[in-house]
Amino acid sequence: MDEALAAVDALDRALAAGLLRPQPARAADLEELARAVVGTPLADRVAEAAQKAAAGAAGEDHFLALAAARTALLGAAHDALTARVDDATGRARAESAVAEPGEERTVNLLLAARTWLTDLARTGWQGLDHELAGAAAPIVSAMLPDPALRRLATLLDGFAAELAASCPGAGQERFPARRWGDLWARALLLTRPGAAEPAAVGSATGRLLPLGVDLHEHATAAQAQVHAVFEPADGGPPRLVRASVSTPKPDTVVAAGVWQLLRPHLSLLAALGEGRAVDLADMPLTDGGDLLWDEERARPGESADAFAAARVVLPTATAPPTPPLDRHPARLAEPVFLEGYDVRRDGDTLAFTVAGRPLAVDTDRIPAAGPLTLEAVEASGACLGLLRWDGGRFRVQPLAVETTVRRKTVTVQAGAWAGGTADKAGVKAEKAATDAVTVLRERAGRLLRK
(Lines give C-alpha, C1' and ligand atoms only; values in the text may rest on other atoms or scores of the structure.)
Protein backbone atom coordinates (compact mmCIF):
# COMPACT_ATOMS: atom_id res chain seq x y z
CA MET A 1 0.00 0.00 0.00
CA ASP A 2 2.72 2.48 0.96
CA GLU A 3 4.66 1.81 -2.25
CA ALA A 4 1.57 2.25 -4.43
CA LEU A 5 0.62 5.51 -2.75
CA ALA A 6 4.24 6.73 -2.98
CA ALA A 7 4.11 6.28 -6.76
CA VAL A 8 0.84 8.24 -6.85
CA ASP A 9 2.46 10.99 -4.80
CA ALA A 10 5.35 11.09 -7.28
CA LEU A 11 3.02 11.98 -10.16
CA ASP A 12 1.23 14.49 -7.93
CA ARG A 13 4.53 16.27 -7.30
CA ALA A 14 5.09 16.45 -11.05
CA LEU A 15 1.60 17.89 -11.57
CA ALA A 16 2.21 20.52 -8.91
CA ALA A 17 5.41 21.72 -10.61
CA GLY A 18 4.10 21.36 -14.17
CA LEU A 19 5.44 19.32 -17.08
CA LEU A 20 6.05 22.02 -19.66
CA ARG A 21 9.79 22.23 -19.08
CA PRO A 22 12.17 19.35 -18.28
CA GLN A 23 13.30 19.12 -14.63
CA PRO A 24 15.52 16.35 -13.21
CA ALA A 25 13.39 15.95 -10.07
CA ARG A 26 10.20 15.58 -12.11
CA ALA A 27 11.86 13.05 -14.41
CA ALA A 28 12.65 10.92 -11.34
CA ASP A 29 9.05 11.18 -10.14
CA LEU A 30 7.71 10.07 -13.51
CA GLU A 31 10.16 7.18 -13.62
CA GLU A 32 8.90 6.05 -10.19
CA LEU A 33 5.34 5.97 -11.54
CA ALA A 34 6.42 3.98 -14.60
CA ARG A 35 8.27 1.43 -12.42
CA ALA A 36 5.13 0.88 -10.36
CA VAL A 37 3.20 -0.52 -13.34
CA VAL A 38 5.96 -2.69 -14.82
CA GLY A 39 4.53 -6.09 -15.68
CA THR A 40 1.02 -4.76 -16.29
CA PRO A 41 -0.75 -4.06 -19.61
CA LEU A 42 -0.04 -0.36 -19.01
CA ALA A 43 3.71 -0.77 -18.78
CA ASP A 44 4.81 0.17 -22.30
CA ARG A 45 2.41 3.09 -22.71
CA VAL A 46 3.27 4.56 -19.32
CA ALA A 47 7.01 4.15 -19.87
CA GLU A 48 6.73 6.07 -23.14
CA ALA A 49 4.48 8.70 -21.55
CA ALA A 50 6.87 9.20 -18.64
CA GLN A 51 9.81 9.62 -21.03
CA LYS A 52 7.94 12.15 -23.19
CA ALA A 53 6.61 14.08 -20.18
CA ALA A 54 10.07 14.24 -18.61
CA ALA A 55 11.36 15.79 -21.85
CA GLY A 56 8.49 18.30 -21.98
CA ALA A 57 7.14 16.73 -25.18
CA ALA A 58 4.08 14.82 -23.90
CA GLY A 59 0.84 14.92 -25.90
CA GLU A 60 -2.74 14.35 -24.79
CA ASP A 61 -2.50 10.57 -25.18
CA HIS A 62 0.61 10.52 -23.01
CA PHE A 63 -1.13 12.42 -20.21
CA LEU A 64 -4.06 10.03 -20.54
CA ALA A 65 -1.67 7.11 -19.97
CA LEU A 66 -0.24 8.78 -16.85
CA ALA A 67 -3.77 9.33 -15.52
CA ALA A 68 -4.58 5.66 -16.21
CA ALA A 69 -1.49 4.49 -14.32
CA ARG A 70 -2.35 6.68 -11.33
CA THR A 71 -5.93 5.41 -11.34
CA ALA A 72 -4.80 1.78 -11.59
CA LEU A 73 -2.52 2.13 -8.56
CA LEU A 74 -5.30 3.63 -6.45
CA GLY A 75 -7.59 0.90 -7.76
CA ALA A 76 -5.18 -1.73 -6.45
CA ALA A 77 -5.17 0.01 -3.05
CA HIS A 78 -8.98 0.05 -3.13
CA ASP A 79 -9.11 -3.69 -3.85
CA ALA A 80 -6.77 -4.47 -0.95
CA LEU A 81 -8.89 -2.42 1.47
CA THR A 82 -12.13 -3.95 0.19
CA ALA A 83 -10.70 -7.42 0.79
CA ARG A 84 -9.98 -6.43 4.40
CA VAL A 85 -13.55 -5.17 4.86
CA ASP A 86 -15.03 -8.36 3.39
CA ASP A 87 -12.83 -10.46 5.64
CA ALA A 88 -13.84 -8.49 8.76
CA THR A 89 -17.57 -8.52 7.99
CA GLY A 90 -17.78 -11.96 6.40
CA ARG A 91 -19.47 -10.33 3.42
CA ALA A 92 -19.64 -12.03 0.03
CA ARG A 93 -19.00 -9.91 -3.06
CA ALA A 94 -20.41 -10.51 -6.52
CA GLU A 95 -18.16 -10.99 -9.52
CA SER A 96 -17.96 -8.14 -11.99
CA ALA A 97 -19.64 -8.78 -15.33
CA VAL A 98 -17.67 -8.15 -18.52
CA ALA A 99 -19.12 -4.97 -20.01
CA GLU A 100 -19.63 -4.73 -23.74
CA PRO A 101 -17.76 -1.74 -25.20
CA GLY A 102 -20.05 1.16 -25.98
CA GLU A 103 -20.22 3.12 -29.16
CA GLU A 104 -16.96 4.94 -29.79
CA ARG A 105 -18.04 8.38 -30.88
CA THR A 106 -15.89 11.46 -30.98
CA VAL A 107 -17.39 14.39 -29.11
CA ASN A 108 -15.82 17.80 -29.67
CA LEU A 109 -16.63 18.89 -26.14
CA LEU A 110 -14.77 15.89 -24.72
CA LEU A 111 -11.75 16.82 -26.81
CA ALA A 112 -11.98 20.42 -25.57
CA ALA A 113 -12.09 19.22 -21.97
CA ARG A 114 -9.08 16.96 -22.57
CA THR A 115 -7.13 19.87 -24.05
CA TRP A 116 -7.87 22.02 -20.99
CA LEU A 117 -6.79 19.24 -18.60
CA THR A 118 -3.61 18.73 -20.64
CA ASP A 119 -2.83 22.45 -20.39
CA LEU A 120 -3.27 22.18 -16.62
CA ALA A 121 -0.72 19.36 -16.43
CA ARG A 122 1.79 21.30 -18.49
CA THR A 123 1.37 24.48 -16.44
CA GLY A 124 1.14 22.79 -13.04
CA TRP A 125 -0.56 24.02 -9.91
CA GLN A 126 2.31 26.45 -9.28
CA GLY A 127 1.67 28.15 -12.61
CA LEU A 128 -2.08 28.57 -12.15
CA ASP A 129 -3.70 31.86 -13.10
CA HIS A 130 -7.30 33.01 -13.49
CA GLU A 131 -7.17 32.82 -17.27
CA LEU A 132 -6.29 29.12 -17.23
CA ALA A 133 -8.79 28.24 -14.47
CA GLY A 134 -11.54 30.21 -16.20
CA ALA A 135 -10.97 28.50 -19.55
CA ALA A 136 -13.14 25.61 -18.34
CA ALA A 137 -16.26 27.77 -18.01
CA PRO A 138 -17.39 27.74 -21.67
CA ILE A 139 -16.73 24.00 -21.88
CA VAL A 140 -18.86 23.35 -18.79
CA SER A 141 -21.67 25.60 -20.05
CA ALA A 142 -21.75 23.75 -23.36
CA MET A 143 -21.74 20.33 -21.66
CA LEU A 144 -24.47 20.85 -19.07
CA PRO A 145 -27.47 20.65 -21.46
CA ASP A 146 -26.37 17.14 -22.54
CA PRO A 147 -27.26 14.52 -19.85
CA ALA A 148 -24.53 12.21 -21.17
CA LEU A 149 -21.89 14.88 -20.42
CA ARG A 150 -23.32 16.25 -17.18
CA ARG A 151 -21.23 14.01 -14.93
CA LEU A 152 -17.99 15.32 -16.42
CA ALA A 153 -19.36 18.87 -16.56
CA THR A 154 -20.12 18.89 -12.83
CA LEU A 155 -16.66 17.53 -12.04
CA LEU A 156 -14.95 20.15 -14.23
CA ASP A 157 -17.08 22.93 -12.74
CA GLY A 158 -16.11 22.09 -9.17
CA PHE A 159 -12.47 21.48 -10.08
CA ALA A 160 -12.15 24.79 -11.91
CA ALA A 161 -13.75 26.63 -8.99
CA GLU A 162 -11.19 25.15 -6.57
CA LEU A 163 -8.34 26.09 -8.90
CA ALA A 164 -9.65 29.66 -9.29
CA ALA A 165 -9.84 30.04 -5.51
CA SER A 166 -6.09 29.28 -5.30
CA CYS A 167 -4.94 31.68 -8.02
CA PRO A 168 -2.27 32.75 -8.53
CA GLY A 169 -0.55 29.45 -7.91
CA ALA A 170 2.85 31.10 -7.57
CA GLY A 171 1.72 32.69 -4.32
CA GLN A 172 0.65 29.41 -2.68
CA GLU A 173 2.92 27.49 -0.32
CA ARG A 174 0.88 24.26 -0.34
CA PHE A 175 -1.65 22.59 -2.62
CA PRO A 176 -4.20 19.78 -2.03
CA ALA A 177 -2.02 17.63 -4.30
CA ARG A 178 -3.77 14.27 -3.76
CA ARG A 179 -7.24 15.75 -4.20
CA TRP A 180 -6.38 17.76 -7.30
CA GLY A 181 -4.51 14.79 -8.73
CA ASP A 182 -7.64 12.68 -8.20
CA LEU A 183 -9.87 15.23 -9.89
CA TRP A 184 -7.47 15.73 -12.79
CA ALA A 185 -7.00 12.01 -13.47
CA ARG A 186 -10.69 11.17 -13.13
CA ALA A 187 -11.76 14.02 -15.40
CA LEU A 188 -9.17 13.06 -18.01
CA LEU A 189 -10.35 9.44 -18.09
CA LEU A 190 -13.97 10.60 -18.37
CA THR A 191 -13.08 12.38 -21.60
CA ARG A 192 -12.88 8.95 -23.21
CA PRO A 193 -16.14 8.55 -25.19
CA GLY A 194 -18.50 6.23 -23.34
CA ALA A 195 -16.50 6.21 -20.09
CA ALA A 196 -19.24 7.94 -18.09
CA GLU A 197 -22.12 5.84 -19.36
CA PRO A 198 -23.49 3.40 -16.74
CA ALA A 199 -24.02 -0.10 -18.10
CA ALA A 200 -27.46 -1.32 -16.96
CA VAL A 201 -27.06 -5.08 -16.93
CA GLY A 202 -30.40 -6.13 -15.51
CA SER A 203 -33.52 -5.16 -13.63
CA ALA A 204 -34.69 -5.43 -10.05
CA THR A 205 -38.12 -6.66 -8.95
CA GLY A 206 -38.71 -7.09 -5.25
CA ARG A 207 -38.55 -5.21 -1.95
CA LEU A 208 -36.11 -2.42 -1.17
CA LEU A 209 -35.21 -1.82 2.49
CA PRO A 210 -33.56 1.61 2.97
CA LEU A 211 -30.72 1.73 5.51
CA GLY A 212 -29.74 5.40 5.39
CA VAL A 213 -28.88 8.34 3.17
CA ASP A 214 -25.48 9.90 2.55
CA LEU A 215 -25.76 13.57 1.56
CA HIS A 216 -22.99 15.02 -0.62
CA GLU A 217 -23.05 18.78 -0.84
CA HIS A 218 -20.98 21.15 -2.97
CA ALA A 219 -21.39 24.87 -3.55
CA THR A 220 -22.99 24.28 -6.96
CA ALA A 221 -24.39 20.74 -6.70
CA ALA A 222 -25.85 18.24 -4.24
CA GLN A 223 -26.46 14.51 -4.25
CA ALA A 224 -28.39 12.19 -1.96
CA GLN A 225 -27.23 8.59 -2.09
CA VAL A 226 -29.53 6.10 -0.38
CA HIS A 227 -27.92 2.82 0.74
CA ALA A 228 -30.33 -0.09 0.92
CA VAL A 229 -30.78 -3.85 0.90
CA PHE A 230 -32.71 -5.32 -2.02
CA GLU A 231 -34.66 -8.56 -1.55
CA PRO A 232 -35.49 -10.11 -4.97
CA ALA A 233 -39.06 -11.28 -5.51
CA ASP A 234 -37.78 -14.60 -6.89
CA GLY A 235 -36.28 -15.51 -3.51
CA GLY A 236 -32.68 -14.93 -4.51
CA PRO A 237 -30.07 -13.73 -1.99
CA PRO A 238 -30.40 -10.11 -0.78
CA ARG A 239 -28.08 -7.55 -2.35
CA LEU A 240 -26.58 -4.25 -1.29
CA VAL A 241 -27.66 -1.48 -3.66
CA ARG A 242 -27.64 2.30 -3.92
CA ALA A 243 -30.02 4.86 -5.40
CA SER A 244 -28.87 8.41 -6.06
CA VAL A 245 -30.38 11.70 -7.12
CA SER A 246 -28.38 14.82 -7.97
CA THR A 247 -29.28 18.43 -8.62
CA PRO A 248 -27.50 21.70 -9.37
CA LYS A 249 -27.98 24.34 -6.70
CA PRO A 250 -27.04 27.92 -5.82
CA ASP A 251 -24.43 28.28 -3.09
CA THR A 252 -26.94 30.07 -0.82
CA VAL A 253 -29.11 26.93 -0.44
CA VAL A 254 -27.52 24.81 2.29
CA ALA A 255 -28.43 22.34 5.05
CA ALA A 256 -32.14 21.43 5.10
CA GLY A 257 -32.78 23.56 2.01
CA VAL A 258 -30.98 20.98 -0.10
CA TRP A 259 -33.78 18.46 0.54
CA GLN A 260 -36.26 20.79 -1.17
CA LEU A 261 -34.21 20.60 -4.35
CA LEU A 262 -33.71 16.82 -4.17
CA ARG A 263 -37.07 15.69 -2.82
CA PRO A 264 -39.20 15.98 -6.00
CA HIS A 265 -36.90 13.63 -7.90
CA LEU A 266 -36.73 10.56 -5.64
CA SER A 267 -39.70 9.04 -3.79
CA LEU A 268 -37.20 6.88 -1.93
CA LEU A 269 -36.31 9.91 0.22
CA ALA A 270 -39.89 10.06 1.48
CA ALA A 271 -39.89 6.32 2.17
CA LEU A 272 -36.72 6.68 4.22
CA GLY A 273 -38.20 9.49 6.33
CA GLU A 274 -41.43 7.56 6.87
CA GLY A 275 -39.71 4.27 7.69
CA ARG A 276 -41.16 2.34 4.74
CA ALA A 277 -39.95 -0.22 2.27
CA VAL A 278 -40.29 0.36 -1.47
CA ASP A 279 -41.65 -2.21 -3.90
CA LEU A 280 -39.75 -2.26 -7.20
CA ALA A 281 -40.91 -3.57 -10.55
CA ASP A 282 -38.25 -3.99 -13.25
CA MET A 283 -36.11 -1.14 -11.91
CA PRO A 284 -32.88 -0.86 -13.96
CA LEU A 285 -29.88 -2.04 -11.93
CA THR A 286 -26.24 -1.68 -12.95
CA ASP A 287 -23.54 -4.23 -12.38
CA GLY A 288 -22.04 -1.91 -9.75
CA GLY A 289 -25.17 -1.99 -7.60
CA ASP A 290 -26.69 1.35 -8.61
CA LEU A 291 -30.42 1.56 -9.22
CA LEU A 292 -31.20 3.86 -12.15
CA TRP A 293 -34.22 5.30 -10.42
CA ASP A 294 -37.53 5.49 -12.30
CA GLU A 295 -40.50 6.75 -10.25
CA GLU A 296 -42.89 4.76 -12.45
CA ARG A 297 -41.29 1.51 -11.32
CA ALA A 298 -41.47 2.19 -7.56
CA ARG A 299 -44.39 1.95 -5.12
CA PRO A 300 -44.51 2.66 -1.36
CA GLY A 301 -44.35 -0.57 0.61
CA GLU A 302 -45.09 -1.65 4.14
CA SER A 303 -43.41 -0.28 7.26
CA ALA A 304 -39.76 -1.26 7.53
CA ASP A 305 -37.32 -0.48 10.31
CA ALA A 306 -33.77 0.20 9.17
CA PHE A 307 -32.23 -1.35 12.29
CA ALA A 308 -34.35 -4.50 11.96
CA ALA A 309 -33.10 -4.81 8.38
CA ALA A 310 -29.53 -4.21 9.58
CA ARG A 311 -29.77 -6.96 12.19
CA VAL A 312 -31.57 -9.58 10.10
CA VAL A 313 -30.92 -8.98 6.39
CA LEU A 314 -27.67 -6.98 6.13
CA PRO A 315 -25.39 -9.82 7.38
CA THR A 316 -26.54 -12.03 4.49
CA ALA A 317 -26.49 -9.38 1.75
CA THR A 318 -24.08 -9.72 -1.15
CA ALA A 319 -22.00 -6.65 -1.99
CA PRO A 320 -21.75 -5.47 -5.61
CA PRO A 321 -18.44 -5.25 -7.48
CA THR A 322 -16.94 -1.79 -7.91
CA PRO A 323 -16.93 -0.31 -11.44
CA PRO A 324 -13.37 0.15 -12.79
CA LEU A 325 -13.27 3.96 -12.72
CA ASP A 326 -14.67 4.02 -9.17
CA ARG A 327 -11.93 1.87 -7.65
CA HIS A 328 -10.38 4.39 -5.27
CA PRO A 329 -9.83 4.24 -1.49
CA ALA A 330 -11.85 7.43 -1.04
CA ARG A 331 -14.88 5.73 -2.60
CA LEU A 332 -15.08 2.99 0.04
CA ALA A 333 -18.49 3.26 1.70
CA GLU A 334 -19.47 -0.16 3.03
CA PRO A 335 -22.73 -0.35 5.04
CA VAL A 336 -22.06 -1.86 8.48
CA PHE A 337 -24.07 -2.39 11.65
CA LEU A 338 -22.35 -1.94 15.03
CA GLU A 339 -23.65 -2.45 18.56
CA GLY A 340 -22.30 -3.22 21.99
CA TYR A 341 -19.44 -0.75 21.60
CA ASP A 342 -17.96 1.71 24.06
CA VAL A 343 -17.73 5.38 23.12
CA ARG A 344 -14.77 7.62 23.86
CA ARG A 345 -14.98 11.37 23.24
CA ASP A 346 -12.15 13.90 23.16
CA GLY A 347 -13.51 17.32 22.22
CA ASP A 348 -15.20 16.91 18.85
CA THR A 349 -13.45 13.59 18.24
CA LEU A 350 -15.34 10.35 18.80
CA ALA A 351 -14.23 6.73 18.66
CA PHE A 352 -16.05 3.44 19.13
CA THR A 353 -14.28 0.53 20.77
CA VAL A 354 -15.41 -2.48 18.72
CA ALA A 355 -14.17 -5.96 19.63
CA GLY A 356 -11.46 -4.36 21.74
CA ARG A 357 -10.18 -2.10 18.93
CA PRO A 358 -10.74 1.63 18.41
CA LEU A 359 -12.70 2.72 15.35
CA ALA A 360 -12.74 6.46 14.64
CA VAL A 361 -16.11 8.10 14.00
CA ASP A 362 -16.13 10.43 10.99
CA THR A 363 -18.04 13.26 12.67
CA ASP A 364 -17.27 15.70 9.84
CA ARG A 365 -19.62 13.70 7.58
CA ILE A 366 -22.66 14.08 9.85
CA PRO A 367 -24.89 16.41 7.77
CA ALA A 368 -26.42 19.55 9.20
CA ALA A 369 -29.58 18.76 7.21
CA GLY A 370 -30.91 16.24 9.75
CA PRO A 371 -31.49 15.57 13.45
CA LEU A 372 -28.42 13.35 13.89
CA THR A 373 -25.89 15.13 16.12
CA LEU A 374 -22.55 14.43 17.74
CA GLU A 375 -24.31 14.11 21.11
CA ALA A 376 -26.77 11.55 19.73
CA VAL A 377 -23.91 9.46 18.36
CA GLU A 378 -22.05 9.70 21.67
CA ALA A 379 -25.13 8.45 23.59
CA SER A 380 -25.87 5.65 21.13
CA GLY A 381 -25.86 1.92 21.74
CA ALA A 382 -26.14 0.85 18.10
CA CYS A 383 -25.03 2.48 14.86
CA LEU A 384 -25.82 1.99 11.20
CA GLY A 385 -23.03 3.54 9.19
CA LEU A 386 -20.65 3.48 6.26
CA LEU A 387 -17.16 2.11 6.76
CA ARG A 388 -14.66 4.39 5.01
CA TRP A 389 -10.91 4.71 4.70
CA ASP A 390 -9.39 8.14 5.22
CA GLY A 391 -6.01 9.42 6.33
CA GLY A 392 -4.51 5.94 6.48
CA ARG A 393 -7.16 4.35 8.71
CA PHE A 394 -10.73 3.09 8.70
CA ARG A 395 -13.51 5.34 10.00
CA VAL A 396 -17.24 4.89 10.35
CA GLN A 397 -19.70 7.52 9.11
CA PRO A 398 -22.95 7.32 11.12
CA LEU A 399 -26.14 7.20 9.05
CA ALA A 400 -28.44 6.39 11.96
CA VAL A 401 -28.12 5.49 15.63
CA GLU A 402 -30.23 3.92 18.33
CA THR A 403 -30.17 5.80 21.60
CA THR A 404 -32.20 5.90 24.81
CA VAL A 405 -34.48 8.84 25.61
CA ARG A 406 -36.52 8.67 28.82
CA ARG A 407 -35.93 4.92 29.06
CA LYS A 408 -37.20 4.35 25.54
CA THR A 409 -35.09 3.26 22.59
CA VAL A 410 -35.39 5.75 19.74
CA THR A 411 -33.85 5.89 16.28
CA VAL A 412 -32.17 9.04 14.96
CA GLN A 413 -31.62 9.09 11.19
CA ALA A 414 -29.30 11.53 9.41
CA GLY A 415 -31.83 11.61 6.57
CA ALA A 416 -34.96 11.85 8.72
CA TRP A 417 -35.88 15.21 7.17
CA ALA A 418 -35.32 14.07 3.60
CA GLY A 419 -39.02 13.53 2.85
CA GLY A 420 -40.35 16.29 5.11
CA THR A 421 -40.77 16.41 8.87
CA ALA A 422 -42.93 17.58 11.75
CA ASP A 423 -39.88 17.85 14.01
CA LYS A 424 -39.65 21.38 15.45
CA ALA A 425 -36.02 21.87 14.50
CA GLY A 426 -36.70 20.41 11.07
CA VAL A 427 -39.73 22.65 10.48
CA LYS A 428 -37.71 25.72 11.45
CA ALA A 429 -34.88 24.77 9.09
CA GLU A 430 -37.38 24.03 6.30
CA LYS A 431 -39.02 27.45 6.69
CA ALA A 432 -35.69 29.28 6.50
CA ALA A 433 -34.74 27.27 3.43
CA THR A 434 -38.14 27.85 1.81
CA ASP A 435 -37.75 31.60 2.21
CA ALA A 436 -34.31 31.50 0.59
CA VAL A 437 -35.50 29.35 -2.32
CA THR A 438 -38.57 31.58 -2.87
CA VAL A 439 -36.43 34.71 -3.06
CA LEU A 440 -34.05 33.07 -5.51
CA ARG A 441 -36.91 31.90 -7.74
CA GLU A 442 -38.43 35.39 -7.77
CA ARG A 443 -35.09 36.94 -8.73
CA ALA A 444 -34.54 34.33 -11.44
CA GLY A 445 -38.03 35.00 -12.80
CA ARG A 446 -37.38 38.73 -13.02
CA LEU A 447 -34.09 38.16 -14.82
CA LEU A 448 -35.77 35.85 -17.34
CA ARG A 449 -38.57 38.35 -17.99
CA LYS A 450 -35.99 41.06 -18.64
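Worth a mention:
- Within the stretch 328-357, residues that are on the phi < 0 side of the Ramachandran plot reach partners that are of a type in the set (K, R) and surrounded by fewer than 18 Cβ atoms within 10 Å (Cβ to Cβ) with beta carbons closer than 7 Å, at six or more positions or on different chains, in the pairs F337/R311; A351/R344; T353/R344.
- Number of positions in the stretch 158-192 that are basic (K, R) and in contact (Cβ under 8 Å) with a residue 24 or more places away in the chain: 3
- Tally of residues being at pLDDT below 75 and loosely packed, with under 13 Cβ neighbours inside 10 Å across the stretch 410-424: 2
Residue-by-condition table, conditions (1) farther than 30 Å from A310 by Cβ; (2) buried (at least 21 other Cβ atoms within 10 Å of the Cβ); (3) at pLDDT 95 or above:
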site	(1), (2), (3)
L19	yes, yes, no
V37	yes, yes, yes
A47	yes, no, yes
A57	yes, no, no
A92	no, no, no
V107	yes, no, no
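- Among strands (runs of 3 or more DSSP E) entirely within the stretch 347-409, having at least 2 residues that are touching a Ser or Thr at 6+ places or on another chain (Cβ under 6 Å) and surrounded by 13 or more Cβ atoms within 10 Å (Cβ to Cβ) singles out 393-405.
- Some residue of the stretch 136-146 being more than 19 Å from the chain's Cα centre (by Cα) and polar (S, T, N, Q): yes
- Test: residue in the stretch 262-278 that is touching a Phe, Trp or Tyr at 6+ places or on another chain (Cβ under 6 Å) and within 16 Å of P232 (Cα to Cα): no
- Condition check for L155: of a type in the set (A, V, I, L, M, F, W, C), touching a Lys or Arg at 6+ places or on another chain (Cβ under 9 Å), at negative phi and assigned to a helix (DSSP H, G or I): yes
- Qualifying residue in the stretch 309-319 (condition: in contact with a Gly (Cβ under 6 Å, 6 or more places away or on another chain) and of a type outside the set (D, E, K, R)): no
- If the condition is being buried (at least 17 other Cβ atoms within 10 Å of the Cβ) and charged (D, E, K, R), then the stretch 163-186 contributes D182, R186.
For every residue, the table says whether it meets (1) in the same structural domain as G75 (by TED's automatic domain parsing); (2) surrounded by 20 or more Cβ atoms within 10 Å (Cβ to Cβ); (3) at pLDDT 95 or above.
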site	(1), (2), (3)
L292	no, no, no
E302	no, no, no
D305	no, no, no
T322	no, yes, no
P335	no, yes, yes
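Residues are listed down the side, and each one gets a yes or a no for (1) of a type in the set (A, V, I, L, M, F, W, C); (2) closer than 26 Å to A330 by Cβ:
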| site | (1), (2) |
| --- | --- |
| L5 | yes, yes |
| L15 | yes, yes |
| R26 | no, yes |
| A43 | yes, yes |
| A47 | yes, no |
| Q51 | no, no |
| A65 | yes, yes |
| L73 | yes, yes |
| H78 | no, yes |
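- Here R45 qualifies as among the basic types (K, R) and without any contact (Cβ under 8 Å) to a residue 60 or more places away in the chain.
Every residue, every condition in (1) in contact with an Asp or Glu (Cβ under 6 Å, 6 or more places away or on another chain); (2) crowded, with 20+ Cβ neighbours inside 10 Å; (3) in the same structural domain as E402 (by TED's automatic domain parsing), yes or no:
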residue	(1), (2), (3)
Q223	no, no, no
A256	yes, yes, no
L262	no, yes, no
L268	no, yes, no
D282	no, no, no
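Yes/no per residue for (1) modelled with pLDDT of 95 or more; (2) part of a helix (DSSP H, G or I); (3) more than 30 Å from R393 (Cα to Cα):
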position	(1), (2), (3)
A68	yes, yes, no
P101	no, no, yes
E104	no, no, yes
W116	yes, yes, yes
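- Looking only at the stretch 316-334, and only at residues there that are farther than 24 Å from G392 by Cβ and among the β-branched types (V, I, T), the one that is nearest to the chain's Cα centre (by Cα): T318
The values are calculated or read from the model by the stated rules, or taken from the named source; none is laboratory data. Fair warning: this is a prediction, and the values are worked out from it, not measured in the lab. Every residue, glycine among them, receives a Cβ derived from its backbone with ideal geometry; neighbour counts consider all protein chains shown.
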